[in-house]
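See structure below.
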Amino acid sequence: MGLRDVASTLAQVPTLLRLKKGLRPRPYSERDCFARQVESNAVRFGARTAIIFEGRSLTWAEFNEQANCYANHLAAVGVQRGDVVSLLMENRIEFLALTVALNKLGATTGFINTNLRGRPLTHCITVTRSKKCIFGEELAAALAEVKGELPLAEGEDYLFVPDSGAAPAPNWAVDLNQASAAASSANLSVTEDNTLGDTAMYLFTSGTTGLPKAAVISNRRYLSSGGLAHLAGLQCTEKDRLYICLPLYHGTGLMVGCGASFASGAGMFIRRKFSASNFLADVRRHQTTCLIYIGELCRYLLNTEAASDDHVNPLRTMMGNGLRPDVWMPFKRRFGVKRISEFYGASEGNVAFANLLNKDKTIGMTASEIALVRYDVSTDEILKDEDDRCIAVERGEPGLLLAQINEAAAFEGYTDKEATEQKILRNAFVEGDAWFNTGDLLREIEAGYTLGYPHYQFVDRVGDTFRWKSENVSTNEVGEILNGFPDIQFSNVYGVQVPNADGRAGMAALTLEPGADALDLEAFSRFVRRELPAYAQPVFLRVQADIDVTGTFKMLKGNLKKDGYDPQRIAEPVYVLKPGAKAYEPLDAEFAGRIDAGEAGY
């Protein structure tokens with residue numbers, strides 16, 4: 001470690017010590033929630049801007065009052081502590097006001113991915129036993145398609161929130177803005193009874209099997225994430241302003257971005273959707289000092305045409321996850337960012353890593369009890385010793401990350417108890433122990449130790465989940481849906497690497513039903529568009545005569561992943577869904593070459 005690194009590390013030690021003290025696990029019985037932070041900000045920083053969005057802005061006092069109006073009305077129509085309310089809405093001020101309003105009541109918000117349609121959308125509302133569904137004008141059509149399958153009362157349990165104002169509330173929903181206009185804007189006394197153990201929200205994750213699972217997020221978990229981002233990641237105060245363009249139904253935007261804002265009083269500039277072309281203009285116009293990112297966002301920005309003054313902007317720090325090592329330093333230099341706090345964590349997990357010392361190309365350290373164990377990627381199996389115990393990897397060797405489950409690191413899991421149990425590895429090292437299986441490979445890196453903690457680097461996801469277009473894709477979920485197409489007997493779904501694209505593109509090896517001579521590409525394309533959100537639609541297809549399985553009938557993916565989409569390696573037909581296309585077509589050598597060169601637009 002050089003003198004500059006030593007000096008930088010020493011400068012961060014006081015912050016780390018404060019963080020260690022401030023984020024000690026608090027008992028679940030203690031009373032607190034993020035809505036109380038908003039109420040505190042309304043008193044301490046009432047005149048400061050809390051949110052800027054599409055030409056509108058609210059101070060902390062105004063934001064708290066809007067949340068109170070929603071909360072008081074929702075209480076009047078029967079929403080109370082412990083109830084679940086689904087929220088289907090794009091990023092905007094009302095999304096955040098409703099999030100805070102429901103937390104004030106002690107209710108649980110089920111945040112629904114705005115890309116979902118059909119069966120997955122129905123599932124997310126029903127699996128949480130939602131009492132009501134609040135939706136935005138911009139997504140009314142999606143909900144109209146499935147409301148007949150939902151156990152909610154029309155004209156009562158559907159609450160509509162205007163957006164552009166182009167369409168009124170449908171006759172099966174109540175206009176929430178109109179209904180709450182006369183409600184009190186005063187704080188609610190019931191908020192004081194919220195505890196850290198109360199379930200604040202459900203964040204949906206693809207997981208490894210079945211339809212999306214609802215990960216349980218307690219108030220303690222949310223406050224811990226926001227506190228980490230505020231105190232040690234972004235190191236922000238009420239004088240800062242965060243740039244948030246990630247979807248707020250995801251943990252990075254909602255827990256890290258908004259959580260840091262609620263905890264510190266820093267303002268937020270919110271975008272409905274990310275725009276690379278507007279990024280720097282937004283940053284400069286609204287004087288945003290902190291960026292909440294995912295790796296793909298940074299790659300898109302780096303691919304825009306560079307200007308000599310890109311570094312002339314108020315951004316000083318950024319926090320997020322998935323920043324590729326080859327993007328890290330070029331991004332930092334081009335945009336003049338001084339500090340990058342990369343973190344690692346899962347919505348449902350009990351472990352988090354954070355690069356709090358501004359070391360490049362690392363996810364940093366963790367205070368959790370963890371183990372990296374040997375894992376055979378080709379067979380998707382944990383390797384065990386003769387006593388049926390896990391085997392720790394050597395330092396520097398990639399290993400499957402396990403996080404010990406204990407009182408300080410509870411695994412809050414999912415609403416589905418069986419799915420929760422499937423993520424727990426018991427008797428891993430000694431009889432009676434319990435560990436959360438992250439499904440990810442990490443390695444310890446040569447970056448020295450800080451306060452006794454080593455530093456780590458993310459390697460890859462294993463098993464049945466991969467990441468594409470900033471979304472986790474469950475191969476089993478996609479496979480089950482593809483199997484519903486009449487001509488398909490089996491489908492084996494996996495992720496393949498595509499140059500200059502973050503994550504892995506979906507690929508499906510299809511075995512046709514007996515008697516089906518060829519895949520009906522037109523009909524299959526319509527089926528995929530109807531049944532799957534865009535990020536989960538396989539980019540590549542290959543048609544196999546038979547499926548490759550183990551002796552226990554587990555589908556093998558190792559050789560398929562090695563073959564990738566290369567038509568030179570695959571004797572069977574290979575098809576591709578080109579960017580912007582609506583139908584699959586044969587993949588020829590010319591387009592495969594464009595993909596390999598990173599010029600295909602993925």
Looking at 499, 579, 486, 567, can you tell me which residue is in a loop (DSSP other than H, G, I, E, B) and surrounded by 13 or more Cβ atoms within 10 Å (Cβ to Cβ)?
567
Run residue 529 past the list (1) assigned by TED's automatic domain parsing to the domain that holds residue 578; (2) farther than 25 Å from residue 121 by Cβ; (3) charged (D, E, K, R) and report the number of the one that doesn't hold.
(2)
Of the candidates 324, 316, 333, the one satisfying the condition of being more than 22 Å from residue 278 (Cα to Cα) and either in the same structural domain as residue 281 (by TED's automatic domain parsing) or modelled with pLDDT of 95 or more (or both) is 324
Report yes if residue 396 is without any contact (Cβ under 8 Å) to a residue 24 or more places away in the chain, part of a loop (DSSP other than H, G, I, E, B) and more than 22 Å from residue 318 (Cα to Cα), otherwise no.
no
Name the strands (runs of 3 or more DSSP E) wholly within the stretch 174-253 that hold at least 3 residues that are within 17 Å of the chain's Cα centre (by Cα) and farther than 26 Å from residue 40 by Cβ?
213-218
Checking residue 162 against (1) touching a residue at least 60 places away in the same chain (Cβ under 8 Å); (2) within 20 Å of residue 51 (Cα to Cα), which test does it fail?
(1)
Can you tell me which residue is nearest to residue 118 (Cα to Cα) among those in the stretch 471-503 that are free of Cβ contacts under 8 Å to residues at least 40 places away in the same chain and of a type outside the set (S, T, N, Q)?
479
Among the aliphatic types (A, V, I, L, M), under 30 Å from residue 126 (Cβ atoms) and not assigned by TED's automatic domain parsing to the domain that holds residue 125: does that describe residue 424?
yes
For the stretch 19-75, which residues satisfy the criterion of being farther than 23 Å from residue 220 by Cβ, surrounded by fewer than 16 Cβ atoms within 10 Å (Cβ to Cβ) and of a type in the set (Asp, Glu)?
54
Quick check on the stretch 417-428: of everything there that is touching a strand residue (DSSP E or B) at 6+ places or on another chain (Cβ under 6 Å) and in a loop (DSSP other than H, G, I, E, B), which residue is surrounded by the fewest Cβ atoms within 10 Å (Cβ to Cβ)?
428
The listed residue being of a type in the set (Ser, Thr, Tyr), touching a residue at least 40 places away in the same chain (Cβ under 8 Å) and under 28 Å from residue 220 (Cβ atoms), out of 317, 288:
317
When the stretch 350-385 is checked residue by residue, the ones that are within 19 Å of residue 317 (Cα to Cα) and in contact with a Lys or Arg (Cβ under 6 Å, 6 or more places away or on another chain) are 358
Sort out which residues of the stretch 92-126 are in a helix (DSSP H, G or I) and of a type outside the set (A, V, I, L, M, F, W, C), and write them in order of number.
94, 99, 103, 104, 118, 119, 120, 122, 123, 126
Against the condition small (Gly, Ala, Ser), at pLDDT below 90 and either crowded, with 18+ Cβ neighbours inside 10 Å or not in a loop (DSSP other than H, G, I, E, B) (or both), how does residue 479 come out, does it pass?
yes
Anything in the stretch 253-295 that is modelled with pLDDT under 95 and within 18 Å of residue 228 (Cβ to Cβ)? List them, or say none.
294
Only residues in the stretch 165-184 that are buried (at least 16 other Cβ atoms within 10 Å of the Cβ) count as the first member; pair them with residues that are of a type in the set (Ser, Thr, Tyr) and assigned to a helix (DSSP H, G or I), Cβ under 7 angstrom, at least 6 apart or cross-chain, and list the lot.
180/70
Which one of the conditions (1) among the aliphatic types (A, V, I, L, M); (2) at pLDDT 95 or above; (3) touching a strand residue (DSSP E or B) at 6+ places or on another chain (Cβ under 7 Å) does residue 549 fail to meet, given that it meets all the rest?
(2)
Given the criteria in a strand (DSSP E or B), closer than 25 Å to residue 408 by Cβ and out of contact with any helix residue (DSSP H, G or I) (no Cβ under 6 Å at 6 or more places or on another chain), does residue 439 qualify?
yes
Qualifying residues in the stretch 393-414 (those that are in contact with a strand residue (DSSP E or B) (Cβ under 7 Å, 6 or more places away or on another chain) and over 30 Å from residue 217 (Cα atoms)) - the one modelled with the highest pLDDT
393
Which of (1) in contact (Cβ under 8 Å) with a residue 40 or more places away in the chain; (2) surrounded by fewer than 20 Cβ atoms within 10 Å (Cβ to Cβ); (3) not basic (Lys, Arg) is the odd one out, the single condition residue 362 does not satisfy?
(2)
Filter the stretch 237-280 down to residues that are polar (S, T, N, Q) and over 23 Å from residue 334 (Cβ atoms) and give me whichever is surrounded by the fewest Cβ atoms within 10 Å (Cβ to Cβ).
237
Segments classed as helices (runs of 4 or more DSSP H), wholly inside the stretch 1-77, with at least 1 members that are at pLDDT 95 or above, closer than 20 Å to residue 103 by Cβ and out of contact with any Phe, Trp or Tyr (no Cβ under 6 Å at 6 or more places or on another chain):
34-44, 60-76
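The values are calculated or read from the model by the stated rules, or taken from the named source; none is laboratory data. Remember, it's a predicted structure, so these values are computed and weren't measured experimentally. Every residue, glycine as well, gets a Cβ built from its backbone with ideal geometry; the counts of neighbours run over all protein chains shown.
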